[in-house]
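Visitor: Attaching a single structure in structure tokens format; questions to follow.
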Amino acid sequence: MKSRTICLVIALAVARWATIENRLETWAEAGQLFLERPVVGWGPGSYPLLARADPGRPHADSLLLTIAAEQGLVGLVAWGWLAVWPARAVARSADPARLGLAASAVHNLVDNTTIWYWPGIAVAVTLAIVERESGCD
């Protein structure tokens with residue numbers, strides 16, 4: 001518990017208030033977009049076209065909120081279903097690669113790195129290697 005507190009303090013110390021404020025504004029906007037069309041959202045890839053707080057922003061600084069705004073409940077359920085099997089695999093193992101995937105998933109709650117090619121490719125390749133090694137159970 002003590003090390004987690006120290007990590008949180010360090011993270012907050014290096015975070016700039018402008019970045020935090022921007023994320024909160026972006027998240028609120030994505031939430032509003034979701035509430036306007038909660039079932040199917042505005043369509044995949046539509047967030048940059050709809051962003052008012054930061055026009056042209058490619059995502060809502062949260063994978064979940066980006067999916068919610070663009071694909072609504074239908075998209076959230078579909079993405080959630082796709083996330084179940086790797087999440088179960090991560091929960092059953094202390095393998096460093098799997099823990100890395102878990103860290104990436106947690107990070108994507110407050111960012112959306114998978115929208116960029118290289119992080120997305122790295123996560124996909126790591127997931128494929130982990131699942132191949134485990135026999136895709």
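Visitor: So, in segment 113-123, how many residues would count as being modelled with pLDDT of 70 or more and open to solvent by less than 60 Å² (accessible area, probe 1.4 Å)?
Guide: Residues that pass the stated criteria total 2.
Visitor: Which of the residues spanning segment 32-67 are of a type outside the set (Asp, Glu) and at pLDDT 95 or above?
Guide: Gln32, Leu33, Phe34, Leu35, Arg37, Pro38, Val39, Val40, Gly41, Trp42
Visitor: Next question, about the same structure. Could you figure out which of (1) open to solvent by 20 Å² or more (accessible area, probe 1.4 Å); (2) of a type in the set (Val, Ile, Thr); (3) touching a Leu at 6+ places or on another chain (Cβ under 9 Å) isn't true of Ile67?
Guide: Failed condition: (1).
Visitor: Quick check on Arg57: is it charged (D, E, K, R), free of Cβ contacts under 8 Å to residues at least 60 places away in the same chain and either over 26 Å from Ala103 (Cβ atoms) or touching a strand residue (DSSP E or B) at 6+ places or on another chain (Cβ under 7 Å) (or both)?
Guide: So Arg57 fails the test.
The values are calculated or read from the model by the stated rules, or taken from the named source; none is laboratory data. Because the structure is predicted, anything quoted here is derived from the model rather than measured. Counting neighbours? That spans all protein chains shown, and the Cβs are built from the backbone with ideal geometry, glycine included. SASA here: full protein model, heavy atoms, side chains in, ligands and nucleic acids out. Shrake-Rupley method; radii C 1.70, N 1.55, O 1.52, S 1.80 Å.
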